[in-house]
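Heads up: the structure comes next, in structure tokens.
The values are calculated or read from the model by the stated rules, or taken from the named source; none is laboratory data. Here the structure is a predicted model, which is why all the values come from computation and not from measurement. For neighbour counting, all protein chains shown are included, and Cβ atoms are generated from backbone atoms with ideal geometry for every residue, glycine included.
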Amino acid sequence: MYKMMTPGPTEVTEAVRSARSREFVNPDLDETFVEFYQETCQLISRLLHTENETLILGGEGILGLEAACASLTEPSDRVLVLDNGIFGRGFADFVAMYGGNPYIYSADTRETLNAEELRKFLEKDHDFKYATVVHGDTPSGMLNDVSVICPLLKRYGILTITDAVSTAFGEPLSVTDAQIDILCGGSQKVVSAPPGLTFVTVSQDAKRAINSRKTPIASFYANLKVFENYYKEKWFPYTMPVSDIYGLREAIEQIAADKDILIRHERIAKASRRAVTGAGLKLYQNSGFSNTVTVFEVPDGTTDTAILKTMLKDHQIMLAGSFDQLKGKVIRIGHMGNNAYQDKMTAVFDALDQTMKKLGISLKDSMRELFLQAVEE
Ligand SMILES: *Cc1c(COP(=O)(O)O)cnc(C)c1O
């Protein structure tokens, strides 16, 4: 088996795998499961620093994004889509699919969103029901400062949906301070459980907007309102994936017990960037570096496939390329969650040193050595 050093899915611990294989209760008829589900949700809310209710939905990260848009969008609503990356722009599709009218605010994909420029734009045009913003746009590694952007939008009465699928628990984030109305997370990124679950935190303002809709939500599965009374009625809208939720709970408990998780992500990420630049390779971004993924450009003289194949075949390490407009142009190292450890990343850079050498790409210095020097500072 290879090491999955990709920006999702990430490596899953034995404890999480075992939790998923436990004997399970009937999630429809056994009320202990309703308690277990709610406790898991409350733990997620606590770790994200919010009193807002968390809901876990049976579906991959994308379901959270779609359910948030489906639940807030009514026909012809104007929605501000903040786009400086692939997931950022992608929100426009969900908005349009549910009858909304997306306004795509496009900014440089190599720079973190500039709040001052956004403020100038909002001064002139702020007639939006809600806005979408991506905290960490994983295909390019872009981190946006939602702690500034979301409160700015809120000042204009604009609700916010934040995609934190690849950053939640790996980057400092307080949903309360950032005033995020709906935050979306996923099981297979920093959380380090297998793919299959998404979770959302829903503010009182978002609930009010959902409850005061004039038209019904045009979906059952991608719909946050169907969970409204689950606890009171001890009834889920559909049979919950109980084993997946056992695994998620174990993973979330590991995060809760891991006091150094944010510092470790920061340290590993900084050292990774130093290894890349010190070796003479080029990071994709100019600003807004996420602590969960490092993205560097494929050097002249080779291809992404050659690098990825050599890493996998010779070293049993899987890295990722990217997609859409970044296809073929960059390599991504995922150092989120259970991947964000010094030993795993040392092995990655050691293998990259050898891979580049084999492919005839000369590096200025050893990435492994640069990483080790930087990580120990
Ligand atoms: C992984 C991820 C998702 C979930 O989407 P998939 O492409 O299906 O994995 C959503 N948003 C972001 C920013 C992600 O990194």
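Computed values, structure above
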{"read-out": "Test: residue in segment 168-187 that is hydroxyl-bearing (Ser, Thr, Tyr), more than 13 Å from the chain's Cα centre (by Cα), modelled with pLDDT of 95 or more and at negative phi", "value": "yes"}
{"read-out": "Residue ID - farthest from Thr162 (Cα to Cα), chosen from residues in segment 71-94 that are over 19 Å from the mean Cα position of the chain (by Cα) and outside any loop (DSSP other than H, G, I, E, B)", "value": "Arg78"}
{"read-out": "Any hit, segment 231-239, residues being within 16 Å of the ligand (Cβ to nearest atom), modelled with pLDDT of 95 or more and either among the basic types (Lys, Arg) or part of a helix (DSSP H, G or I) (or both)", "value": "no"}
{"read-out": "Set Ile333, Ile307: member being within 28 Å of Ile255 (Cα to Cα) and either touching a strand residue (DSSP E or B) at 6+ places or on another chain (Cβ under 9 Å) or surrounded by fewer than 17 Cβ atoms within 10 Å (Cβ to Cβ) (or both)", "value": "Ile333"}
{"read-out": "Which listed residue is outside any loop (DSSP other than H, G, I, E, B) and assigned by TED's automatic domain parsing to the domain that holds Ser243, from Phe24, Phe33", "value": "Phe33"}
{"read-out": "Yes/no for Gly8 being of a type outside the set (Val, Ile, Thr) and within 20 Å of the chain's Cα centre (by Cα)", "value": "yes"}
{"read-out": "Residues within segment 26-78 that are within 16 Å of the ligand (Cβ to nearest atom) and charged (D, E, K, R), tallied", "value": "2"}
{"read-out": "In segment 98-130, residue surrounded by the most Cβ atoms within 10 Å (Cβ to Cβ) [restricted to those that are more than 16 Å from the ligand (Cβ to nearest atom) and among the hydrophobic types (A, V, I, L, M, F, W, C)]", "value": "Phe128"}
{"read-out": "Failed item, numbered, when Tyr221 is tested on (1) within 16 Å of the ligand (Cβ to nearest atom); (2) buried (at least 16 other Cβ atoms within 10 Å of the Cβ)", "value": "(2)"}
{"read-out": "From the options Leu312, Leu283, Leu248, Leu262, residue that is surrounded by 19 or more Cβ atoms within 10 Å (Cβ to Cβ) and either among the aliphatic types (A, V, I, L, M) or not assigned by TED's automatic domain parsing to the domain that holds Gly337 (or both)", "value": "Leu248"}
{"read-out": "Of the criteria (1) under 21 Å from Gly8 (Cα atoms); (2) out of contact with any Ser or Thr (no Cβ under 7 Å at 6 or more places or on another chain); (3) part of a loop (DSSP other than H, G, I, E, B), which one Asp127 fails", "value": "(1)"}
{"read-out": "Leading residue by the ranking (farthest from the ligand (Cβ to nearest atom)) among those in segment 5-17 that are part of a helix (DSSP H, G or I) and in contact (Cβ under 8 Å) with a residue 24 or more places away in the chain", "value": "Ala15"}
{"read-out": "Test for Ser45: is it over 17 Å from the mean Cα position of the chain (by Cα) and modelled with pLDDT of 95 or more", "value": "no"}
{"read-out": "Verdict on Thr160 being crowded, with 21+ Cβ neighbours inside 10 Å, within 21 Å of Ala178 (Cβ to Cβ) and out of contact with any Gly (no Cβ under 9 Å at 6 or more places or on another chain)", "value": "yes"}
{"read-out": "Hits in segment 142-195 (condition: assigned to a strand (DSSP E or B), among the charged types (D, E, K, R) and near the ligand (Cβ under 10 Å from one of its atoms))", "value": "Asp163"}
{"read-out": "Qualifying residue in segment 222-244 (condition: of a type in the set (Asp, Glu) and closer than 18 Å to Val165 by Cβ)", "value": "yes"}
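One line per residue, one yes/no per condition, for (1) under 18 Å from Pro241 (Cβ atoms); (2) basic (Lys, Arg); (3) free of Cβ contacts under 8 Å to residues at least 60 places away in the same chain:
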| residue | (1), (2), (3) |
| --- | --- |
| Asp30 | yes, no, yes |
| Ile44 | yes, no, no |
| Leu47 | no, no, no |
| Ile56 | yes, no, no |
| Ile62 | yes, no, no |
| Ala67 | yes, no, no |
| Glu74 | no, no, no |
| Arg78 | no, yes, yes |
